[in-house]
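Read the structure below first, then the notes.
The values are calculated or read from the model by the stated rules, or taken from the named source; none is laboratory data. Since we're looking at a predicted model, the values are computed, not measured. No Cβ is skipped: glycine too gets one built from the backbone with ideal geometry, and neighbour counts run over all protein chains shown. With ligands, DNA and RNA removed, areas are computed over all heavy atoms of the protein, side chains included. Shrake-Rupley method; radii C 1.70, N 1.55, O 1.52, S 1.80 Å.
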Amino acid sequence: QVRVVESGGGLVQPGGSLRLSCAASGIIFRNVIMGWYRQAPGNQREWVAHIASDNSTNYADAVKGRFTISRDNAKNTVYLQMNSLKPEDTAVYYCKVFGQTYWGQGTQVTVSS
């Protein structure tokens with residue numbers, strides 16, 4: 001049974017940084033594509049980034065150059081390093097295993113002065 005648990009969110013000032021973590025279970029982690037998504041109030045959930053089993057990555061234009069996705073297969077964990085945060089990055093951030101329908105509870109990121 002696939003499960004993910006996101007952590008690392010919080011309140012940060014504009015220009016600041018946060019690192020999100022997502023621990024996955026119930027899968028052969030090293031073989032799967034992992035993605036980060038976010039949902040701001042009143043908006044639909046949107047894709048942020050993903051990382052494949054070969055560590056190739058892709059990013060949404062809105063975060064390219066500021067966010068970095070990485071993975072640690074030994075820990076079954078995917079990370080999202082977020083730098084130069086902007087107020088428009090405020091959202092609940094979720095991770096997801098590609099091809100699975102399960103969503104975790106997410107972690108809140110608030111960028112505000």
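Write down the accessible area per residue of the chain in Å², having rolled a 1.4 Å probe over the full set of protein chains.
53 Å²
Once you place label points 7 Å from the Cα toward the Cβ at Gln81 and Ser113, how far apart are they in nm?
That separation, rounded to one decimal, is 2.7 nm.
Counting only protein heavy atoms and a 1.4 Å probe, tell me what percentage of the chain's accessible area is made up of carbon and sulfur.
Carbon and sulfur: 45 percent of the exposed surface of the chain.
Could you tell me what % of all Cα pairs in region 51-113 have separations over 14 Å? Each step should come with its number before you reach the end.
On the way: 1273 of 1953 pairs.
Cα-Cα pairs in region 51-113 separated by more than 14 Å: 65 percent.
Which length gain, in nm to one decimal place, applies between Asp61 and Gln100 when the Cα-Cα distance is subtracted from 0.36 nm times their residue separation?
Result: 11.6 nm gained on full extension.
Report, largest value first, the span of the C-alpha coordinates of the chain along each principal axis, in whole Å.
That gives 41, 25, 22 Å along the principal axes, largest extent first.
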